[in-house]
Amino acid sequence: MMARPIQVTAEPAPLIVAIATTGRPGILRETLRHIGTLPDRPDLIVVSVAEPGDHDGGTGKLPVPLRVLEAPRGLCAQRNAVFDALGGSGVVVFLDDDFLPAPGFMAATRRLFADTPDVVMATGRVLADGILGPGLDHAEGLRLLAAADVAATAAPEEVYNGYGCNMAIRLGAVARTGLRFDTALPRYGWLEDVDFSRRLAAEGRIVKDPAMQGVHLGTKTGRSRGVPLGYSQIANPVYLIRKGTMSPRRATRLMTRNILANLAKSLRPEPWVDRRGRLKGNLLALRDLVTGRISPERITGL
């Protein structure tokens with residue numbers, strides 16, 4: 001279904017927050033409410049869903065215009081629907097549905113892209129990342145934001161890629177190139193941020209701006225099972241090596257680290273991580289690598 005183009009007008013250029021979400025309406029609801037409380041808000045919020053129930057409308061009236069798009073299921077496809085619906089003016093900030101931007105995040109993003117026209121992508125400083133542990137709830141995330149010193153003085157620094165939980169992209173660069181997220185990386189599109197970043201890097205600089213701060217809750221609800229993720233931990237880096245968007249050294253280091261972590265922790269896994277499932281997925285992918293059958297899309301059958 002073709003999305004009707006979204007018209008956004010703002011001076012000097014619009015700032016749009018886009019959230020691709022599936023199966024987590026409660027998480028999305030609280031994040032939208034939080035964005036609505038910020039003193040510096042975007043000009044528009046776009047939510048890209050796979051099913052109508054992914055956004056239950058329970059936020060009430062937000063102080064920011066909200067547009068909901070329907071797209072084929074999968075992080076990459078849902079983000080591409082946002083590109084298809086937006087024009088080539090301004091900046092889109094892709095946030096995970098469980099990322100809470102700090103006060104000043106939107107203002108810092110506007111400032112960065114206005115002052116540095118050669119920047120095509122920016123990612124912010126994650127004050128706490130629940131993906132590394134059992135996850136945080138919204139109340140914990142808000143407490144961390146309230147306790148943080150969000151007055152950043154350090155200058156932006158160039159980085160290899162944006163972090164998908166908070167990734168601001170200049171829409172003009174996307175319009176010039178026609179770039180899209182790679183839908184050959186299905187479902188949660190693991191490493192889609194690296195792939196897109198390296199292709200966009202031909203158009204300008206990718207930076208990390210410490211003034212763009214927030215908390216990634218890393219909510220475990222609705223996340224993938226261990227076996228498909230374990231398979232993606234091998235299949236996706238191999239795919240990106242062959243595609244030329246990830247260096248063999250970086251990809252090999254990442255794959256080795258994941259295999260060793262899953263192996264070492266499979267005897268006494270963390271309650272919030274399916275280590276044995278991930279290890280099984282790793283081994284299935286290694287088997288497929290040897291037999292020449294490896295492909296990111298094979299997770300749809302696991």
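Can you find a residue in segment 202-209 that is in contact (Cβ under 8 Å) with a residue 24 or more places away in the chain, in contact with a helix residue (DSSP H, G or I) (Cβ under 8 Å, 6 or more places away or on another chain), basic (Lys, Arg) and in the same structural domain as Asp149 (by TED's automatic domain parsing)?
No, segment 202-209 has no match at all.
Go through segment 34-71 residue by residue and tally those that are basic (Lys, Arg) and over 20 Å from the mean Cα position of the chain (by Cα).
Total meeting the criteria: 1.
Do the conditions hold for Ala107, that is, is it closer than 16 Å to Ile16 by Cβ, among the small types (Gly, Ala, Ser) and either surrounded by 20 or more Cβ atoms within 10 Å (Cβ to Cβ) or at pLDDT below 95 (or both)?
The answer is no for Ala107.
Report yes if some residue within segment 282-302 is in a loop (DSSP other than H, G, I, E, B), farther than 27 Å from Arg73 by Cα and in contact (Cβ under 8 Å) with a residue 12 or more places away in the chain; otherwise report no.
no
Given the conditions (1) surrounded by fewer than 18 Cβ atoms within 10 Å (Cβ to Cβ); (2) touching a helix residue (DSSP H, G or I) at 6+ places or on another chain (Cβ under 7 Å); (3) not charged (D, E, K, R), report the number of the one that Ala122 does not fulfil.
Here Ala122 meets the rest and fails (1).
For the condition surrounded by fewer than 23 Cβ atoms within 10 Å (Cβ to Cβ), in contact with a helix residue (DSSP H, G or I) (Cβ under 9 Å, 6 or more places away or on another chain) and within 30 Å of Arg276 (Cα to Cα), what is the one hit in Val215, Val159, Val227, Val174?
Matching residue, one of Val215, Val159, Val227, Val174: Val227.
If Gly244 satisfies all but one of (1) under 26 Å from Arg180 (Cα atoms); (2) over 22 Å from the mean Cα position of the chain (by Cα); (3) surrounded by fewer than 17 Cβ atoms within 10 Å (Cβ to Cβ); (4) at pLDDT 95 or above, what's the number of the condition it fails?
(2)
For segment 89-98, does any single residue satisfy the condition of being touching a Pro at 6+ places or on another chain (Cβ under 7 Å), in the same structural domain as Leu136 (by TED's automatic domain parsing), crowded, with 22+ Cβ neighbours inside 10 Å and part of a helix (DSSP H, G or I)?
Taking every residue of segment 89-98 in turn, none turns out to be touching a Pro at 6+ places or on another chain (Cβ under 7 Å), in the same structural domain as Leu136 (by TED's automatic domain parsing), crowded, with 22+ Cβ neighbours inside 10 Å and part of a helix (DSSP H, G or I).
Could you identify the single residue in Val46, Val64, Val82 that is assigned to a loop (DSSP other than H, G, I, E, B) and either farther than 26 Å from Lys220 by Cα or in the same structural domain as Val119 (by TED's automatic domain parsing) (or both)?
Answer to the check: Val64.
Given the conditions (1) assigned to a helix (DSSP H, G or I); (2) surrounded by fewer than 16 Cβ atoms within 10 Å (Cβ to Cβ); (3) touching a helix residue (DSSP H, G or I) at 6+ places or on another chain (Cβ under 8 Å), report the number of the one that Asp195 does not fulfil.
Of (1) assigned to a helix (DSSP H, G or I); (2) surrounded by fewer than 16 Cβ atoms within 10 Å (Cβ to Cβ); (3) touching a helix residue (DSSP H, G or I) at 6+ places or on another chain (Cβ under 8 Å), only one is false for Asp195: (2).
The values are calculated or read from the model by the stated rules, or taken from the named source; none is laboratory data. In this text, all values refer to a predicted model and were calculated from it rather than measured experimentally. We place every Cβ from the backbone using ideal geometry, glycine too, and count neighbours over all the protein chains shown.
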